[in-house]
Amino acid sequence: MIDEIKEDTQSRMMKSLDSLDTAFRKVRTGRAHPSLLDTISVSYYGVATPLKQVANVGVEEGRTLVVTAFDKTLIPLIEKAIMASDLGLNPSTTGAAIRLMLPSLTEETRRDLVKLVRSEAEGARVAIRNIRRDANSDFKELLKEKEISEDEARGAEEAIQQITDKMVSSVEQKLKEKEEELMTV
């Protein structure tokens with residue numbers, strides 16, 4: 001029973017880290033990277049389809065993304081989807097490809113992005129702590145129902161705290177890397 005709670009807690013915390021990674025990928029750093037467009041979906045025969053399933057995204061030079069659609073009739077739809085996204089990119093179509101120029105970031109924009117990244121990291125830390133609280137309440141419930149002893153409950157809570165500390169330090173490491181990436185000109 002205790003092991004199941006630990007495994008569930010760890011998997012939920014890993015999902016929080018994955019969510020943080022996804023949020024960090026959305027924050028552009030001034031350099032072109034294909035993962036910047038991972039969240040964009042295109043209406044393909046009436047079905048919302050991820051962009052990478054209907055087009056090839058590549059980097060041309062340092063600040064230009066090139067989107068080449070597998071089906072040329074999708075180019076206007078891809079263009080619309082990119083403009084509708086919250087990335088702030090303006091696509092320019094050149095026949096068979098869409099080019100996305102990433103403007104260089106100003107110092108003020110970089111600082112705003114760092115604030116955004118810090119708030120995302122804080123959200124991940126809060127989510128991890130809430131998962132820890134849920135696990136500890138599960139242990140207290142088991143203790144109350146006399147399914148585990150006090151020593152087992154205390155040991156399990158310590159194990160959950162170790163997992164939590166590891167996950168929070170992972171969030172801190174990811175935040176540090178993203179801040180350095182954002183502040184590098």
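The values are calculated or read from the model by the stated rules, or taken from the named source; none is laboratory data. Predicted model only: the values in this text are computed from it and were never measured. Don't worry about glycine lacking a Cβ; one is built from the backbone with ideal geometry, like all the others, and counts go over all protein chains shown.
Summary of computed values
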{"item": "Some residue of segment 130-147 being exposed (fewer than 14 other Cβ atoms within 10 Å of the Cβ), of a type in the set (Val, Ile, Thr) and at negative phi", "result": "no"}
{"item": "Single match in Leu105, Leu89 (criterion: out of contact with any strand residue (DSSP E or B) (no Cβ under 8 Å at 6 or more places or on another chain) and at pLDDT below 95)", "result": "Leu105"}
{"item": "All positions within segment 160-169 that are in contact (Cβ under 8 Å) with a residue 24 or more places away in the chain and surrounded by fewer than 17 Cβ atoms within 10 Å (Cβ to Cβ)", "result": "Gln161"}
{"item": "Scan of segment 148-168 for residues that are in a helix (DSSP H, G or I) and touching a Leu at 6+ places or on another chain (Cβ under 7 Å), ordered by number", "result": "Glu150, Ala153, Met167"}
{"item": "Among residues of segment 31-48, those that are crowded, with 18+ Cβ neighbours inside 10 Å and out of contact with any helix residue (DSSP H, G or I) (no Cβ under 8 Å at 6 or more places or on another chain), counted", "result": "1"}
{"item": "Identity of the residue in segment 89-102, without any contact (Cβ under 8 Å) to a residue 12 or more places away in the chain and in a loop (DSSP other than H, G, I, E, B), that ends up surrounded by the most Cβ atoms within 10 Å (Cβ to Cβ)", "result": "Asn90"}
{"item": "Residue ID - nearest to the chain's Cα centre (by Cα), chosen from residues in segment 131-165 that are among the acidic types (Asp, Glu) and closer than 15 Å to Arg12 by Cβ", "result": "Asp134"}
